[in-house]
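The next block holds one structure in the form of structure tokens; read it before the comments.
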Amino acid sequence: MAETYTLHVAGLTRELKICPIHEHLQIAAFILFSDIELTEACAKELASKCPPDCDYILTAECKGIPLAYEMSRIMGKPYIVARKMVKAYMTNTLAVEVQSITTAGKQTLYLDGEKAEWIRGKRILLVDDVISTGESLRALEKLTESADGIIVGKAAVLAGGDAADRKDIIFLEKLLP
């Protein structure tokens, strides 16, 4: 099997390293960290496809943060991060378990109670870098619903596997096996 996967997205080309997840699954590692050019290009294109009337952008810690930040800047909408650990400043947190294919074991995503109040009754755009199994996205949906937010869009740069066939996700490119 090839050691890299050639990705064309948002007018740019990147060689993604192929990483084994387990004996029957390998993924192409799409990492926005440290690639400002790619982050900016993807955020600009993705933001142009998303509902402009959202009130907040919600992402999961951590690989979605650069994308959410840049989309927030472009769209003029604040972004909120669902954290992987409760921090000292967080109170009345909401929590949802998630099993991502890129992380060993189950994780929990936490939403600070103050941020949950921000979301209540507001229009929320869910953003992540890649949607494959949809587990991280489901966790963000559950957090938004728990906070009585209204989901107006679900967006990612890449959609892989069955996610690429979903009609409820906005994405720029399919991530092929």
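For the reader, a short list of remarks on this structure follows.
- Relative contact order for segment 28-92, counting Cα pairs under 8 Å that sit 6 or more residues apart, in percent: 34 percent
- Once the C-beta distance of Glu97 and Leu12 is scaled by a Förster radius of 30 Å, the resulting FRET efficiency is 0.30 to the nearest 0.05.
- The calculated FRET efficiency for the pair Asp148 and Ile36, based on their C-beta separation and a Förster distance of 45 Å, comes to about 0.80.
- Taking all Cα-Cα distances within the chain, those exceeding 31 Å account for 12%.
- Taken one residue at a time, the phi angles of segment 141-148 give Karplus couplings (6.51, -1.76, 1.60, θ = phi - 60°) of 4, 5, 4, 5, 5, 4, 8, 6 Hz. Gly and Pro are set to x.
- Near Gln107, once Lys and Arg are set to +1 and Asp and Glu to -1 for all other residues with Cβ below 10 Å from its Cβ, the sum equals -1.
- Carbon and sulfur %, accessible surface of the chain computed with the full protein complex present, 1.4 Å: 51 percent
- Environment charge at Lys142 (Cβ cut-off 11 Å; Lys +1, Arg +1, Asp -1, Glu -1): -3
- Under 13 Å from the Cα of Lys174 - aspartates and glutamates, other chains or at least 8 residues apart: Asp129, Asp162, Asp165
- Within straight-line reach of Lys17, meaning a Cα separation under 14 Å, sit the following aspartates and glutamates at least 8 residues removed in sequence or on another chain: Glu3.
- Measuring nothing but how far apart in sequence close Cα pairs (under 8 Å, 6+ apart) lie, relative to its length, segment 1-138 scores a relative contact order of 21 percent.
- Label-point separation, Glu114 to Val86 (7 Å along Cα→Cβ), nm: 1.7 nm
- The calculated FRET efficiency for Ile74 paired with Glu23, based on their beta-carbon distance and R0 = 30 Å, is about 0.15.
- In terms of its C-alpha gyration tensor, segment 66-145 comes out oblate, because a/c is 1.5 or above while a/b does not outweigh b/c.
- The sum of -39500 (n - 2.57) across all DSSP H runs of n ≥ 4, divided by the residue count of the chain, sets its helix-only mean residue ellipticity at 222 nm to -7500 deg cm²/dmol.
- Formal net charge of residues neighbouring Cys62 (Cβ-Cβ distance under 13 Å; K, R +1; D, E -1): 0
- Reachable lysines from Lys84, criterion Cα separation under 17 angstrom, eight or more residues apart if same chain: Lys63, Lys106, Lys115, Lys142
The values are calculated or read from the model by the stated rules, or taken from the named source; none is laboratory data. Being a predicted model, the structure only gives us computed values, none of them experimental. Every residue, glycine among them, receives a Cβ derived from its backbone with ideal geometry; neighbour counts consider all protein chains shown. With ligands, DNA and RNA removed, areas are computed over all heavy atoms of the protein, side chains included. Shrake-Rupley method; radii C 1.70, N 1.55, O 1.52, S 1.80 Å.
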